[in-house]
Each structure stands twice: as C-alpha cells, then as structure tokens.
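Each remark here refers to the structure printed beneath this line.
The values are calculated or read from the model by the stated rules, or taken from the named source; none is laboratory data. Treat the numbers as computed from the prediction; the structure is a model and nothing was measured. For neighbour counting, all protein chains shown are included, and Cβ atoms are generated from backbone atoms with ideal geometry for every residue, glycine included.
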Amino acid sequence: MKVTIHPSHLKGIIRAPASKSSMQRACAAALLTKGTTTIFNPGHSNDDSVALTIIRTLGVSVDTGNEELIIGSSGFPLTTHHSPLTIDCGESGLSIRMFTPIVALSDKEITINGSGSLVTRPMDFFDEVLPQLGVKIKSNDGKLPIIVQGPLVPANIEVDGSLSSQFLTGLLMAYSAATSPQTPFQGRGAFEASNWSTVSIKVRDLKSKPYIDLTLDVMKQFGMRVPENRNYKEFIFHYEPIHDSRLTTHEYTVEGDWSGGAFLLVAGAIAGSITVRGLNMSSTQADRRIMDAMMSANASIAMEAKGIQSHPGGLRGFEFDATDCPDLFPPLVALAAYCKGQTKIKGVRRLTYKESNRAVTLQDEFDLMGVRIDLDDDLMIIHGGGIVKGADLHSHHDHRIAMACAVAALGANSETVIDEAMAVNKSYPDFYSDLKSLGANVSLPFDMINL
C-alpha cells in the first residue's frame, strides 16, 4: 500500500502515541501477577495487539473499558491449560524474546511462532540458556518455531547481552515469577545447596540498559520480585522468604512513546512549529535521548509545561552514540539529512537484526533522496545540508524506515511515494493521520481516509 507525502508546513499540537515497550511489559506483568490489572492509555499498535493475544491464549481475561483495559489473571503458569499450546508473536521481537522464558515456567509443551522478519532472526540465545534452567527446547536451527517445555528453574547463569536486552527482560520476569530454586540437575553446577535462596544472572556487555530500567520499573509497579541490580553486570534474586505479592489489584498507565515521539520532534525541526505532548522527561525509555541528539544538532526545541515545542532552526551536523538506543537511527538520519555538514552516529552493529537491516536500508532509501550515507564498521556518516529530493521509496516492511522516509519527505523538493507504507501499524498506526492533523499534505489510500 502506497502513501504519498508532499512538501509541507506543519503547525499545531499532537499527543505522542502510547509506548509499545511499556505496554507489552505491562501485559507480561499482568499475566504473571494474580488479580485484576487496569491498564490506562493502552496502545493499539500491531505489537500491542500481539501481546494481548498472547496473554489471552495463556488464560487471562481482557475486557475493554472506555480508555482502559481490565485484565484478570490467576497467575502463570496455569494448571488447567491443555497441551499442546501455540502462541503467535507476529512480528514482535520483544514478544518473542520476553514471552519465551515466561511460557517456559509451565510444565506443558508450548510452541512459539511468529511471522515476517521474525522467522529469520536468530534465537540461538534460547538454545544455549534455557537448557541450563531445566527447560527442554527444540528450535529450527536457532530460528522459529521454538518448542519449550519447563518448568524453568532459576539458576546461576551468565548471558551475553550484546545482541539485545530483550532476552534479559524475559529472563528477569521469568525468574521473578518462578518459585524458589529447587535441587539442581546433576552436572549443572549452577549453585550450591547452601545458596539455593539466592540466584543471579550475570550479564556480559549489556546493550540498551535503559530498557532494563523500564523492565525493572514495571516489575516494581506490579509488586513482582525485583532483583538487586549490580551495575547491570549481575542481577541477584532473593527467594527467601517466599515472595507473594500482597497486591491483588494493579493500576498501570502506559507512557507516551519516545520512539514514536522522536519522529514527531524531528518533523517539527524540519517542517514547522509543533508541540508534542505526553512525553515524560524523567522516563526510563532509551529513546528519550532524542532530546540530547537534537540539542547537539542545534535544533530549536523548548520544554514547556504542557509539552515539547520543536520548530525549524539552523541545523548542523552532530555526533551521537546510539548504541543503547538503536531505534533512534531512523529519525536521526531524517534529521541529519537537513543538518549542514557531516553527522556521525555510533552503534551501527545494533541495526542488523531489526525488521530490516536498517543500516543498509537507510543507506539505500536516503540515497534515492540524494542524501549520501557512508558505513564505516560501527559508525554511520550522513552527509547532510544539501537538497533532499522527492523519490519513490520502499519501507522494506519496516515501520521505522517508513516513518523516517515520511518525515524526511516533508522538506523535500517534490512529492515522495512510500511503498508498503502501512508498516507503521507495527508501532504507530496513527502516524500518517497525526501528520495530517498537523497540516502535512499526505495522500492516504482510500480505505484509510476515514480512519
């Protein structure tokens, strides 16, 4: 499906979408804690819907209120569900990495599947780690589908955090919800009998630490067992006395999404004066660092009582380390296209296993717009400040590529057509209609006009 973006001038006030990172973690926590959870400001992206479908499949009830979701859970693992059971993670990388250790708490055989780019992403992590925790696992040579059968038994392990922090998020939640560690399997050597009450996860080279902060914050708000965090290198769980959350009702408000908000802020810096509301400046979300990057680029931004104002100014090339916030690469490339001089962004190695290989995809699509991008190992160099050309582009079925192209197109010299533009539904289904509400000249497909 194609969307056409014409050169535009923006003006107005917009609210950032709900954070899918926050929403999906809340769904997992609601599954794992007994009682009733009310989630306010719920997201409605494809990834949010996937998380809700997963917890429904695993036995919780989900009722829709006026502007909230009411979730009822008797805790997981359930003792009544029948085997075999399959959960579908769609194209959600967070869901597959977070829910796989969680469903391994069950002694029933459960199949985890997905679609799109998710079926090509490596999941060797689970093949290596879950057997150390007493979980039987079968995978398709490190890829989907994965079949697991627990119960997962917490043990002292060491994991590699360099590929994604999402694997650790799943382990932290599973360890939190597990019962006290039992006698170790023969030969595991994971922990001594005298130390069964304390179990740790050691982590090498953890990336995206702010996302772990978000995970721990959600766990705390839901009354879950929260580990001792030793500088992100070791997470220690204490299982005595037996943890039983006294909370039977939970309320959680999904934060505004800094990942989606970043595109709006960049759009304002390129094409007009706008105010973005609903973004928490004290959030643990990694992509809050868009503010640091925009200030480095000399963007005209101002924090106001009711939002963040962004408008065009004398943009200049900047340097930024996106290793811990790789989802900022697409909006930052759109910003850098309008910055005079070179922009250097570190963290390219984090872009390989996304919905597309984002480093290459950004290079290819922005080249069509007349913006040269060089890749030098872990560094991306964008040569900006020239004329940005309207072009026929493709999202590569990647929501953030579609949004980056659309934002860059707002200041181009002619119209831009984006094929497979509805990839934005994965994280920000209202993206194009929000741009239109700010005055962008966006030609939507007929069946979207009245959405």
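Numbers below:
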{"read-out": "Residues of the range 50-69 classified as surrounded by fewer than 16 Cβ atoms within 10 Å (Cβ to Cβ) and in contact (Cβ under 8 Å) with a residue 40 or more places away in the chain, total", "value": "0"}
{"read-out": "Hey, Asp367 in a helix (DSSP H, G or I) and surrounded by fewer than 23 Cβ atoms within 10 Å (Cβ to Cβ) or not", "value": "yes"}
{"read-out": "Meets criteria (assigned to a strand (DSSP E or B), of a type outside the set (D, E, K, R), touching a Ser or Thr at 6+ places or on another chain (Cβ under 7 Å) and farther than 22 Å from Asn113 by Cα) for Ile39", "value": "no"}
{"read-out": "Within the range 392-433, considering residues that are in a strand (DSSP E or B) and of a type in the set (D, E, K, R), the one surrounded by the fewest Cβ atoms within 10 Å (Cβ to Cβ)", "value": "Asp392"}
{"read-out": "Residue list for the range 373-391, filter: among the charged types (D, E, K, R), part of a strand (DSSP E or B) and either more than 28 Å from the chain's Cα centre (by Cα) or crowded, with 24+ Cβ neighbours inside 10 Å (or both)", "value": "none"}
{"read-out": "Residue that is free of Cβ contacts under 8 Å to residues at least 40 places away in the same chain, surrounded by 15 or more Cβ atoms within 10 Å (Cβ to Cβ), touching a helix residue (DSSP H, G or I) at 6+ places or on another chain (Cβ under 9 Å) and of a type in the set (Gly, Ala, Ser), where the choices are Gly114, Gly75", "value": "Gly114"}
{"read-out": "Candidate set: the range 276-295, residues that are not aliphatic (A, V, I, L, M) and not in a helix (DSSP H, G or I); chosen: the one surrounded by the most Cβ atoms within 10 Å (Cβ to Cβ)", "value": "Gln285"}
{"read-out": "Unmet criterion (only one of (1) modelled with pLDDT of 95 or more; (2) under 27 Å from Lys207 (Cβ atoms); (3) in a loop (DSSP other than H, G, I, E, B)) for Asn298", "value": "(2)"}
{"read-out": "Extreme residue, nearest to the chain's Cα centre (by Cα), among residues of the range 434-451 that are at pLDDT 95 or above, part of a helix (DSSP H, G or I) and closer than 16 Å to Thr4 by Cβ", "value": "Leu435"}
{"read-out": "Per-region count, the range 101-140, residues within 20 Å of the chain's Cα centre (by Cα) and basic (Lys, Arg)", "value": "1"}
